[in-house]
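Bear in mind that the values in this text are calculations on the coordinates, not laboratory data. Note that the structure is a prediction, hence the values are computed from the model and not measured. Neighbour counts are summed over all protein chains in view; Cβ atoms, including those assigned to glycine, are modelled from backbone coordinates with ideal geometry.
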Amino acid sequence: MAIVLGANQYGKAEVRLVRVRRDGPRHELRDLTVSVALAGDLAEVHSSGDNAHVLPTDSQKNTVYAFAREHGVGQVEEFGLLLARHFVRTVPAITRARVTLTEHGWQRLGPHSFQRDGTESRVATVTVDAAGGVDADGDGTGSSVESGLTGLVLLNSTDSEFRGYLKDQYTTLPETDDRILATAVEAYWRHGEVEPAGGGKYWAESYAGVRAALVGAFVDTYSRSLQQTLYAMGHRVLVERPEITQVRLALPNRHHLLVDLSPFGLDNPGEVFVATDRPYGLIEGTVTREPDVAGTAPDDDGATTGGIG
């Protein structure tokens, strides 16, 4: 039986980049972590150690810094597309470049003073294939842009229940018709166009619109399960943002447990909780425009009428 090399890629991971624009008294700050992964005709370096087709990962890192100086850093999707297209067009052996970017937010305090935002980060993954065109999944020929966010911490102090679930001999969890629902949202969404009209304005407005849809659905949904809330959030994005074709969500359930105050002669009418960080339930799902996906649209009150709710 022959032994062959399977799928492979290489690149520079987690390049830290801070870009300050100083062309006026009001400075602009962008803080990114950039990872590059290149794939193509790389069999020879694996089998014989011939490095003729290998662009050093140190060169990839330097490219990130040089492009930041030459082109500036606007929207993360634009910067990722510039980098990915450069590697595919200038490195002969490379047929696919994938650039993953995380933007770390800073809150302005003054013309040149900033405070680091909390845990939320904006992210993007850009995939460019030498064949060009638009690719549905980012793994074949074509190009794709997936935007997203991580660490968006949301909490509803009521309008959440969990009951009617399957029970077995190991079940101890009591049913509840009123609980705190808290999560730290990870969301990734696929764009239908790689070259949208409006350029940087499009990416900024699309991101703001998707984020608003995610938050709005979380706030407006009476939740009977975190799965139902996930579907409502993804559905809201696809209804309100026609440029988005698919949304992937990961929602950890940040449990808040009612504290028993009876040993101290006190009641606890749903006011004092202990917040736990682990273990936690992790709910994941994808909501897509494809007609064969399971599920139906949420009702007006946010409750789903079928599917994964």
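Ordering GLY6, GLY80, GLY285 by Cα displacement along the dipole of the chain toward the positive end leaves GLY80 in first place; charges were set at the Cβ atoms of Lys, Arg (+1) and Asp, Glu (-1). Between the stretch 211-256 and the stretch 95-120, the alpha-carbon centres lie 24 Å apart. Along the axis of the charge dipole computed for the chain (Cβ charges of +1 for Lys and Arg, -1 for Asp and Glu, origin at the Cα centre), the listed residues LEU181, THR125, GLN227 are led at the positive end by THR125.
Here the Gaussian network model covers the chain, with springs between Cα atoms less than 10 Å apart; of SER160, SER143, SER47, SER47 fluctuates the most. Once every Cα of the chain carries one equal point scatterer and solvent is ignored, give the base-10 log of I(q)/I(0) from the Debye formula at q = 0.09, 0.10, 0.13 Å⁻¹, two decimals. Normalising to I(0) and taking log10 leaves -0.59, -0.71, -1.03. In this simple spin-label approximation, LYS167 and ALA212 carry label points 7 Å from Cα along the Cα→Cβ vector, and these lie 4.5 nm apart. Expressed to the nearest 5 percent, the antiparallel share of DSSP beta bridges inside the chain is 95 percent.
Highest average first, the peptides 278-288, 224-234 ordered by how many other beta carbon atoms sit within 10 Å of their residues are 224-234, 278-288.
All C-alpha to C-alpha distances of the stretch 170-225, sorted into 5 Å bins beginning at zero, yield P(r) values of 4, 12, 19, 16, 13, 10, 9, 7, 4, 4, 2, 0 percent in whole numbers. Residues of the stretch 147-186 with an amide N closer than 18 Å to a point placed 7 Å from the Cα of LEU258 along the Cα-to-Cβ direction: 156-165, 172-182. Within the listed set ASP129, ASP23, ASP41, the residue fluctuating most in the Gaussian network model of the chain (springs between alpha-carbon atoms under 10 angstrom) is ASP23. The convex hull of the Cα atoms of the stretch 1-53, projected and averaged over all directions, covers 5.7 nm². With contacts taken as Cα pairs under 8 Å at a separation of at least 6 residues, the chain carries a relative contact order of 12 percent.
Calculated FRET efficiency, VAL239 and LEU266, Cβ-Cβ r, R0 41 Å, to nearest 0.05?
The computed FRET efficiency comes out at 0.35.
For the stretch 9-130, averaging the sequence separation of C-alpha pairs within contact (under 8 Å, six or more residues apart) and dividing by the residue count gives a relative contact order of 28 percent. Placing R0 at 25 angstrom, the Cβ-Cβ distance between THR288 and GLN9 gives a FRET efficiency of 0.45 after rounding to 0.05.
Have a look at LEU29, GLY198, THR100 and report the one farthest towards the positive end of the charge dipole of the chain, computed about the Cα centre with Cβ charges (Lys/Arg +1, Asp/Glu -1). It is LEU29. Of the two radii for the stretch 178-278, the radius of gyration is 1.16 times the Kirkwood radius, both from the alpha carbons; that is the Rg over Rh value. Modelled label positions at GLU205 and ASP277, each set 7 Å beyond Cα in the direction of Cβ, lie 4.0 nm from each other.
Relative to the Cα centre, the charge distribution of the chain, modelled as +1 at Lys and Arg Cβ and -1 at Asp and Glu Cβ, gives a dipole magnitude of about 1180 debye. The length gained on full extension between TYR222 and THR33, counted as 0.36 nm times the residue separation minus their Cα-Cα distance, comes to 64.4 nm.
Here the dipole of the stretch 152-309 is about 400 debye; that uses its Cα centre as origin and unit charges on the Cβ of Lys and Arg (positive) and Asp and Glu (negative).
Rounded to 0.05, the FRET efficiency of the ASP41 and GLU70 pair, given R0 = 22 Å and the Cβ-Cβ distance, is 0.20. Note on the stretch 62-193: Cα-only Rg and Dmax are 21.3, 64 Å. The alpha carbons of the stretch 236-290 stretch over 56, 23, 13 Å along the principal axes, in descending order. Computed over the stretch 9-130, the convex hull of the alpha-carbon atoms projects to a mean area of 7.9 nm².
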